[in-house]
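The values are calculated or read from the model by the stated rules, or taken from the named source; none is laboratory data. In this text the structure is predicted, and so the values were computed from the model without any measurement. Quick reminder, even Gly has a Cβ in these numbers, built from the backbone with ideal geometry, and neighbours come from all protein chains shown. The accessibility values were calculated without ligands, DNA or RNA, using every heavy atom of the protein model including side chains. Shrake-Rupley method; radii C 1.70, N 1.55, O 1.52, S 1.80 Å.
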Amino acid sequence: MNSTANKTHRGQVDALLGIVFGDEGKGKVVDVFTPHYDVVARFAGGPNAGHTIIFDGKKFVLRSIPSGIFDEGKLNIIGNGCVIAPDLFMDEARELESNGYDLRSRLHISNRAHLILPTHRVLDRAYEAAKGKNKVGTTGKGIGPTYSEKASRTGLRVGDIMEGFEAKYAALKARHEQILADLNYTDYDITEEEKRWLQGIDYLRQFVITDTATEINRMLEQGKNVLAEGAQGTMLDIDHGTYPFVSSSSTTTGGVCTGLGVAPNRIGEIFGIFKAYSTRVGSGPFPVELFDETGDLIREVGHEYGAVTGRNRRCGWVDLVALKYAIMINGVTQLIMMKGDVLDGFKTIRACIAYEKDGERVTDMPFDTEGWEPVYRDLPGWDQNLSSMTSKEEFPQTFKDYIAFLESELATPITIVSVGPDREQTIRM
Ligand code: GDP
Ligand code: IMO
Ligand code: MG
């Protein structure tokens with residue numbers, strides 16, 4: 001009896017996950033959802049992420065800080081599954097502080113999150129240079145080397161900055177310098193960068209650094225609800241993405257549990273977010289990629305340039321093979337479709353329903369997505385301007401048909417449609 005009674009008061013963790021190659025619009029939707037939650041927590045990744053939030057004519061791009069930070073009174077957490085660069089964190093936090101957001105009271109950082117050292121960033125560049133033609137096209141933020149270090153059990157964690165840090169830092173830096181010398185990679189000078197990085201360490205010390213897993217679980221026990229903010233996307237997941245062209249963290253629902261320290265039975269809704277078309281930044285297979293003027297037009301209209309690196313994002317049609325796979329891996333319960341407005345005025349909208357190679361057709365994600373050709377279903381487009389619409393009743397019939405087609409193919413409801421970058425341009429279905 002007691003356990004049932006407790007259950008009704010237990011809070012839950014909902015997850016909002018990018019389910020393609022990142023940049024789906026996670027930042028925007030987390031910001032819109034925040035009023036419904038008590039806590040917003042990042043569970044994976046670091047400053048490789050760039051989450052854009054636009055409201056009241058202002059634009060912010062967050063990298064390590066959760067997108068719930070604009071809502072006063074909500075706790076934001078950088079979880080143990082994240083990696084953090086103190087210098088970049090300091091820049092990001094100071095920008096928010098200069099805009100009047102008091103971070104100290106609403107941002108807690110896990111003592112178990114791993115630190116990105118300046119030399120991790122040099123190693124990132126060195127490993128990429130050594131790969132020649134097979135570069136991953138990383139963001140250069142030291143993500144891969146830092147997560148490798150974590151797995152090698154030699155990394156430094158945020159909790160390490162509290163005591164005897166200088167010696168630990170010097171030892172790890174010396175080890176990295178040795179690796180770089182062995183690689184014959186000598187084209188670097190971190191003197192200035194290191195100064196700012198050490199200032200960043202001091203700055204970090206002013207924040208609440210704690211066991212956020214225990215903190216989150218206590219709040220759940222009190223009936224508080226948590227929104228887990230994904231970074232990157234399922235196709236960049238270290239296990240389930242297009243390996244080796246992936247990031248180095250667990251970006252999926254499983255990553256929510258390990259990256260925050262919450263049990264699977266705490267997970268409630270799993271929101272899978274995707275765009276009405278596809279993009280990818282960096283190298284790696286991308287069967288739906290368009291190399292023609294349609295791809296250029298999507299890039300231009302959708303402003304598909306990296307929020308962090310400014311790189312061109314590769315553009316293509318929506319990929320149902322990838323989406324079905326991601327829905328399966330994550331257990332997505334609701335879909336959120338972004339950037340429908342970017343496709344305004346296209347005569348025909350295409351959706352990839354299968355991949356084909358040497359006469360073989362597959363609808364399940366193959367081991368190696370290199371060399372597969374997309375099989376498309378064509379649907380009629382719309383002429384209207386979606387971005388000015390404020391309710392689903394206003395949507396043109398062909399856009400409604402596109403949504404219905406995706407819902408039926410993906411066997412999952414699309415419950416939110418976004419028609420512009422502003423908070424306000426968010427429509428519940
Ligand atoms: P995230 O990494 O998933 O948070 O996404 P990014 O911020 O990297 O990229 C999404 C981009 O699309 C940002 O520039 C947003 O301002 C913009 N955006 C989000 N939703 C919409 C939408 O519905 N329509 C349009 N046109 N832009 C959007
Ligand atoms: P958000 O959270 C899009 C890509 C990089 C590269 C690969 C590995 O904004 O959606 P890394 O630096 O992580 O080792 O790079 O992953 N990548 C992203 N692409 N959005 C992101 O984050 C990304 N984070 C990493 O371009 O191909
Ligand atoms: Mg992004």
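Some points to look at:
- So Val122, is it in a helix (DSSP H, G or I), surrounded by 21 or more Cβ atoms within 10 Å (Cβ to Cβ) and among the β-branched types (Val, Ile, Thr): yes
- Positions within segment 28-48 being within 12 Å of ligand 1 (Cβ to nearest atom), under 21 Å from Ile267 (Cβ atoms) and surrounded by 24 or more Cβ atoms within 10 Å (Cβ to Cβ), in sequence order: Val29, Val30, Arg42, Gly45
- Restricting segment 301-317 to residues that are charged (D, E, K, R) and touching an Asp or Glu at 6+ places or on another chain (Cβ under 7 Å), the residue that is nearest to ligand 1 (Cβ to nearest atom): Arg313
- Output for segment 254-279, where each listed residue is surrounded by fewer than 22 Cβ atoms within 10 Å (Cβ to Cβ), touching a residue at least 60 places away in the same chain (Cβ under 8 Å) and polar (S, T, N, Q): Thr258
- Conditions (1) open to solvent by 40 Å² or more (accessible area, probe 1.4 Å); (2) without any contact (Cβ under 8 Å) to a residue 40 or more places away in the chain; (3) part of a helix (DSSP H, G or I); number of the one not met by Glu149: (1)
- Filtered by the rule that a residue be more than 25 Å from the chain's Cα centre (by Cα) and hydrophobic (A, V, I, L, M, F, W, C), segment 372-414 gives Trp372, Val375, Leu379, Trp382, Leu386, Met389, Phe395, Phe399, Ala404, Phe405.
- All conditions in (1) within 23 Å of Leu386 (Cα to Cα); (2) among the acidic types (Asp, Glu); (3) open to solvent by 10 Å² or more (accessible area, probe 1.4 Å) hold for Glu304, with the sole exception of (3).
- For segment 58-102, filtering for residues that are within 13 Å of ligand 1 (Cβ to nearest atom) and open to solvent by 20 Å² or more (accessible area, probe 1.4 Å) leaves 4.
- Looking only at segment 218-250, and only at residues there that are closer than 13 Å to Leu17 by Cβ and in a helix (DSSP H, G or I), the one that is nearest to ligand 3 (Cβ to nearest atom): Leu236
- Candidates Gly282, Gly310, filtered to the one that is outside any helix (DSSP H, G or I), among the small types (Gly, Ala, Ser), free of Cβ contacts under 8 Å to residues at least 40 places away in the same chain and on the phi > 0 side of the Ramachandran plot: Gly310
- Filter result for Gly81 (within 16 Å of ligand 3 (Cβ to nearest atom) and of a type in the set (Gly, Ala, Ser)): no
- Scan of segment 386-423 for residues that are surrounded by fewer than 13 Cβ atoms within 10 Å (Cβ to Cβ), out of contact with any strand residue (DSSP E or B) (no Cβ under 8 Å at 6 or more places or on another chain) and either part of a loop (DSSP other than H, G, I, E, B) or touching a residue at least 40 places away in the same chain (Cβ under 8 Å) (or both), ordered by number: Ala411
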